[in-house]
Amino acid sequence: MARPVLLDLFCGAGGAAVGYHRAGFRIIGIDNQPQPNYPFEFRRGNALCPPIGMSHIAAIHASPPCQAYSQANYIHDTKHPELVEATRSLLVDSGLPYVIENVVGAPLVDPVVVCGRALGLAVKRHRLFESNIALVGTTCPPGHPGGWVSVFGNTVLARAHSGEMNRAHVGVERGRRAMGIDWMAMPELSQAIPPAYTEWVGAQLMAALNASARSPLI
């Protein structure tokens, strides 16, 4: 059976893409930078003006740059592009089911939260998901107990049982295992979301497509 096609905007190295693929989609990624490690069909171009015909696209995922909304931006007071609103406008105009992902603090509308610890991963890495379909997020385990790591910048740090960083640098391989990603270099890994997140979201998106029978197939 042919898979419905999902357009993956601001695709990076494909953490989101792998989760949607597991949920049953065929993926086409768009990014303005080369992505040699992207595991599916890739087109280089402006995600806000995708270089692709839309007639065969069933749904769209977008992960616009998060730096403008992250805690690190407030610490360093660095200017980064704020693209959530422009992305939402593009997706609304498409008339397709869509999902926007970003960090906590981004101006998403009525988002749900997905937590890695709730999905059994060794990262917390809370992320927000906005959609024009009804989504259910995850429920965080109280206190996020157990051993887990934080993956950011060029660093993978272990966390104490309290959740505080114990400053132990545990290496990129530990970060890859924690996020369920084995194909990325550290700079790509630090920007990625675990595929388990979009497998969770993608199952809901696929169910909505099937229920509405609006999924074009190729």
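Computed from the coordinates by the stated procedures, all read-outs in this text should not be read as laboratory data. Since the structure is predicted, the reported quantities are computational estimates derived from the model, not experimental observations. Neighbour counts are summed over all protein chains in view; Cβ atoms, including those assigned to glycine, are modelled from backbone coordinates with ideal geometry.
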Among (i) 0.94; (ii) 0.99; (iii) 1.22, the entry that matches Cα Rg over 2.2 N^0.38 Å as calculated here: (ii)
For region 5-212, the dipole about the Cα centre with charges only on Cβ (Lys and Arg +1, Asp and Glu -1), to the nearest 20 debye, works out at 520
Whose amide H sits under 5 Å from the amide H of GLY29, counting only residues 5 or more places off or on another chain, with H placed in the peptide plane? ASP8, GLU41, PHE42, ARG43
Bridge orientation stat for the chain from DSSP, antiparallel percent rounded to 5, came to 45
Taking the Cβ of CYS115 as the center, what net charge do the other residues with Cβ under 9 Å away carry, scoring Lys and Arg +1 and Asp and Glu -1? +4
Please build a GNM for the chain, connecting alpha carbons under 10 Å apart, and tell me which residue among GLU82, GLU130, GLU41 fluctuates the most. GLU41
In the Gaussian network model of the chain, springs joining C-alpha atoms below 10 Å, which of GLY53, GLY14, GLY24 carries the largest mean-square fluctuation? GLY53
Between 0 and 90°, nearest 10: helix 195-212 axis offset from the chain longest Cα axis: 30
With 0.36 nm assigned to each residue of separation and the Cα-Cα distance removed, VAL109 to ARG177 gains 21.3 nm
So how much slack lies between MET1 and ARG44, counting 0.36 nm per residue of separation and subtracting their Cα-Cα distance, in nm? 12.7 nm
Can you tell which of LEU128, LEU83, LEU189 shows the greatest fluctuation in a Gaussian network model of the chain with Cα springs below 10 Å? LEU83
